[in-house]
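Working notes, beginning with the structure itself.
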Amino acid sequence: MLGLQLGVPLVSTLVAAGLYAIGTRRGPRPVGGLSAAARRTRHERAAMFGAALVVVVIALASPVDTLAEKLFWVHMTQHLLLMMVAAPLLVLSAPWMALWRPFPLRVRRRVARFTTSSGWFAPFRAFTRPVPAFVGFNVVMWVWHAPYLYDLTLRSQLVHDTEHFLFLASGVLLWAQLADSPPLHARLGDIGRGALAFATIFSSWVLALVFVYWPSPLYSAYASLPSRPGGISALTDQQLAAGMMLVPGSLPLSIAVFVFIYRLLADDRGPGAPRRRRFSAPRLEQKGV
């Protein structure tokens, strides 16, 4: 069971890395080659995509995953790595076209036709818009921290894997509303993106405060353990998890809020103000790369 538990994340990340490498090699080659700036951008994207895969492996196929079964605060760290570190790195790396190219053209056309025009896929397409993405992210976060489901993840590997997939997927959909990820582009302006990021921080803080002030351990799977590493109590463990959510967990979104505030202030300085950089994945200069 442990081999399967660690093997699935490792195999998945290796497959993703392989598809990315193949897709990058098959990308368009402009006449005259890439400029120095375009090569730098490609390297930046590749580095961020590689970092995202490393974070996923650390979260799901390292001692972090083993300790998560004994310590709630480590389990919370595992989830935050997926939602607040791996997800934004994936969005900023914009790997979508590279991951898409290795598949046969006929398969790509059929999948594209189904996802863009099929009524069956319409509910999933809705989550590419800001409000559904925000609601979906917070529903996933709150529902999976309900005591029954959370305890169930510690008893069933399939349920646990489903939880992790939804955390990562909902995180990517949320961050795609905050940063451009070519060929995808966020629909909101700076004010809307800042409000979305702040509202997400507020929601996570409310959940964290529930953990802080709840008078007893919420999760029987942790409360029933005879002992925990470090000798801490189940209630202390729960409060440490809240601390991880309140501070490190909110840091990436807080940075995003400050970026949007800075951009708004830069726009207010007038035409002579320094040109601001877009909060987006690095762009390649040549069209279609």
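Which is in contact with a Gly (Cβ under 9 Å, 6 or more places away or on another chain), of a type in the set (A, V, I, L, M, F, W, C) and modelled with pLDDT of 95 or more, of Leu174, Leu240? Quick ask: steps written out before the conclusion?
Working: Leu240 fails: in contact with a Gly (Cβ under 9 Å, 6 or more places away or on another chain).
Going through Leu174, Leu240 in turn, the sole match is Leu174.
Scanning region 147-197 for residues that are of a type in the set (Ser, Thr, Tyr) and more than 18 Å from the chain's Cα centre (by Cα) returns Tyr148, Tyr150, Thr153, Ser156.
Taking the criterion of being part of a helix (DSSP H, G or I), over 15 Å from Ala133 (Cα atoms) and touching a helix residue (DSSP H, G or I) at 6+ places or on another chain (Cβ under 9 Å), the residues of region 166-202 that qualify are Asp190, Ile191. Residues that are under 13 Å from the mean Cα position of the chain (by Cα) and buried (at least 17 other Cβ atoms within 10 Å of the Cβ): which helices (runs of 4 or more DSSP H) entirely in region 36-144 hold 1 or more of them? Output list reads 36-60, 72-81, 87-93, 130-144. The numbered conditions (1) more than 30 Å from Ala133 (Cβ to Cβ); (2) hydroxyl-bearing (Ser, Thr, Tyr); (3) touching a residue at least 60 places away in the same chain (Cβ under 8 Å) are all true for Ser227 except (3).
Consider region 145-204 and keep the residues that are among the β-branched types (Val, Ile, Thr) and open to solvent by 40 Å² or more (accessible area, probe 1.4 Å). The one that is farthest from Leu218 (Cα to Cα) is Ile191.
A search for C-beta distances below 7 Å between a residue of region 98-122 that is touching a residue at least 40 places away in the same chain (Cβ under 8 Å) and any residue that is among the aromatic types (Phe, Trp, Tyr), counting only pairs 6+ apart in sequence or on different chains, returns Ala98/Tyr20; Leu99/Tyr20. Entry remark, region 205-219: residues being open to solvent by 20 Å² or more (accessible area, probe 1.4 Å) and under 21 Å from Val257 (Cβ atoms) number 3 in total.
Of the residues Leu218, Leu240, Leu188, only one is touching a residue at least 60 places away in the same chain (Cβ under 8 Å) and touching a Pro at 6+ places or on another chain (Cβ under 6 Å); which?
Working: Leu240 fails: touching a Pro at 6+ places or on another chain (Cβ under 6 Å); Leu188 fails: touching a residue at least 60 places away in the same chain (Cβ under 8 Å).
Going through Leu218, Leu240, Leu188 in turn, the sole match is Leu218.
Against the conditions (1) closer than 30 Å to Ile232 by Cα; (2) without any contact (Cβ under 8 Å) to a residue 40 or more places away in the chain, Trp73 satisfies every one except (2).
The values are calculated or read from the model by the stated rules, or taken from the named source; none is laboratory data. Quantities reported herein were computed from a predicted structural model and do not represent experimental measurements. Counting neighbours? That spans all protein chains shown, and the Cβs are built from the backbone with ideal geometry, glycine included. The protein model used for the area step is the full one, side chains on, heavy atoms only, and it has no ligands, DNA or RNA in it. Shrake-Rupley method; radii C 1.70, N 1.55, O 1.52, S 1.80 Å.
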